[in-house]
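All remarks here apply to the structure that follows.
The values are calculated or read from the model by the stated rules, or taken from the named source; none is laboratory data. Source: prediction; values computed, not measured. Here the Cβ is made from the backbone with ideal geometry for all residues, glycine too, and neighbour counts use every protein chain on show.
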Amino acid sequence: MTNDPAQIAQWSQDNDGRYWNGNAWVYVGDDDADMDVEPAWNITTGSSSIKIAVIDEGVDLDHPDLIGNMLAGYDATGLGSGGNPSGDDAHGTACAGIIAAVANNSIGIAGNAYGCKIIPIRIAYTPAGQTNWYTTTSWQANAINWAWQTAGADILSNSWGGGSPSSLVSSAITNAVNNGRAGKGSPVLFSAGNDDQTPVSYPSFYSNVISVGASSMCDERKSPDSCDGETGWGSNYGTGLDIVAPGVKIATCDIAGTAGYNGGDYTYSFNGTSSACPNAAGAMALILSVNPNLTQTQARSLLELSCERTGDYLYETTSGQPNGPWNNEMGYGRVNALIACIAATGYCPGFGNSTEDEWIASVSIGANNNVSGNNLGYGYFTNLNWSFTQGQSYPLTLSPGYTSTAYDEFWTIWIDFNKDGDFNDAGELVYDSGAPTAGDVTSNMAIPFCSGYRRYPHAGGHALQ
């Protein structure tokens, strides 16, 4: 945790089954139904070189919990605000707070990627006496183009949508995805929409953007019947949906002072896929902080492959969804920042007497072979698809990768049945070599029966002197 007093209220980072409503704790939710942001901070809290464009109605440039992470902005409306909002337009400020509010400054909250930087971009405003945004497709397209071309945005977070498709906007998105980050591509995230209907809204339905739906604190699609009690809306779902992230009762920044949602510097009830999108954008910022050399396609794959398949939903192989089993209401599942950051490192950490000498060189199970070829850890291959059958036994060979000195080692293999990112659950240890050895281990591994879950074999080595 950080020393920010309201960080404990950010259940999307660490959910213990309760949320803060601004006055009291409310006990609604499931323990660990969160994005594992706090443990991900043991890997990275975000790099100052990673910049996230918040394309919205502006961000409070002087907010005390944002100013330290704020870069120069842009007002696509032509009103010359430099990315600042007007009046009570607090939507963009709330989105920015979720992504990168300054941490450990003893005030307010902590952003998911609090070491990263925000680029505030204004595409809309609320005219006096009205409640709806005023924007144009040319403003939207200009903002997207300015974000990646001029400001060098690594990630574009867009908590808006609706209306008819625009070729201007579509072209701008394509250019950002293909040409941003000096040709590696900038991930573009959009909110799925709040109409409790299928499919997801425009521009979220474009295949080259990451469509983000909202989940509740009970790890279910946000719907009028979900556990949070907000009966007036639901997250859009179906065709085009990619992932979900927490999207109800989110603690974040409000416009400082009397303007904004509630006349204070913070709000504790920001909701909608508008809050889910920056939650996911913050996780993407952590991925690129760990490995800035990833292409847009690689970074997107890591984000989607690392999602937890939560809730009482059936995830299945689906045409057009290449990054794992998919569900109509949850996409690839709920974002998990910890698993994504581990995957982005490229290697799981080595440990033992000497991390330079002790590492896994290769794992062979049945007809499947995985050669690591690197020390200081072993390859974490998120794109391997190995098929095994319940109840079957497979021959295995496990090879250490000593570079100079041999050590006696023992080997264990786990299967993360519920894909919760750990191997602590009953029955997940499926192989134990027992006595340590300094050479290859050749044995057999049996795949147990466990209905309702896919299996994710994971091998690890630990050294004994």
Listed by range, strands (runs of 3 or more DSSP E) wholly within the range 209-257 having at least 1 residues that are over 17 Å from ALA96 (Cα atoms) and either touching a residue at least 24 places away in the same chain (Cβ under 8 Å) or outside the structural domain of LEU302 (by TED's automatic domain parsing) (or both) are 210-215, 243-246
From the list ALA299, ALA285, ALA281, ALA256, which one is farther than 22 Å from GLY17 by Cα, over 16 Å from the mean Cα position of the chain (by Cα) and modelled with pLDDT of 90 or more? ALA256
Only residues that are surrounded by fewer than 23 Cβ atoms within 10 Å (Cβ to Cβ) and either of a type in the set (Gly, Ala, Ser) or under 19 Å from THR45 (Cα atoms) (or both): list them for the range 291-311, please. ASN291, PRO292, ASN293, LEU294, SER301, GLY311
For LEU156, indicate whether it is of a type in the set (A, V, I, L, M), within 20 Å of THR93 (Cβ to Cβ), touching a Ser or Thr at 6+ places or on another chain (Cβ under 8 Å) and not in a loop (DSSP other than H, G, I, E, B). yes
So, in the range 219-255, of the ones that are touching a strand residue (DSSP E or B) at 6+ places or on another chain (Cβ under 9 Å) and within 24 Å of GLY83 (Cα to Cα), which residue ends up surrounded by the fewest Cβ atoms within 10 Å (Cβ to Cβ)? ASP254
Among the numbered conditions (1) out of contact with any strand residue (DSSP E or B) (no Cβ under 7 Å at 6 or more places or on another chain); (2) crowded, with 21+ Cβ neighbours inside 10 Å; (3) of a type outside the set (Asp, Glu), tell me where THR198 comes up short. (2)
Among the residues in the range 332-346, are any assigned to a strand (DSSP E or B), at pLDDT 65 or above and either of a type in the set (A, V, I, L, M, F, W, C) or in contact with a Gly (Cβ under 9 Å, 6 or more places away or on another chain) (or both)? yes
Can you name every residue in the range 263-289 that is surrounded by fewer than 24 Cβ atoms within 10 Å (Cβ to Cβ), touching a residue at least 40 places away in the same chain (Cβ under 8 Å) and not in a strand (DSSP E or B)? ASP265, ASN271, GLY272, SER289
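Rundown of residues vs (1) more than 18 Å from the chain's Cα centre (by Cα); (2) at pLDDT 95 or above; (3) small (Gly, Ala, Ser), yes/no style:
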| site | (1), (2), (3) |
| --- | --- |
| ASP16 | yes, no, no |
| VAL28 | yes, no, no |
| LEU71 | yes, yes, no |
| GLY80 | yes, yes, yes |
| GLY97 | no, yes, yes |
| VAL102 | yes, yes, no |
| SER106 | yes, yes, yes |
| PRO120 | yes, yes, no |
| ASN132 | yes, no, no |
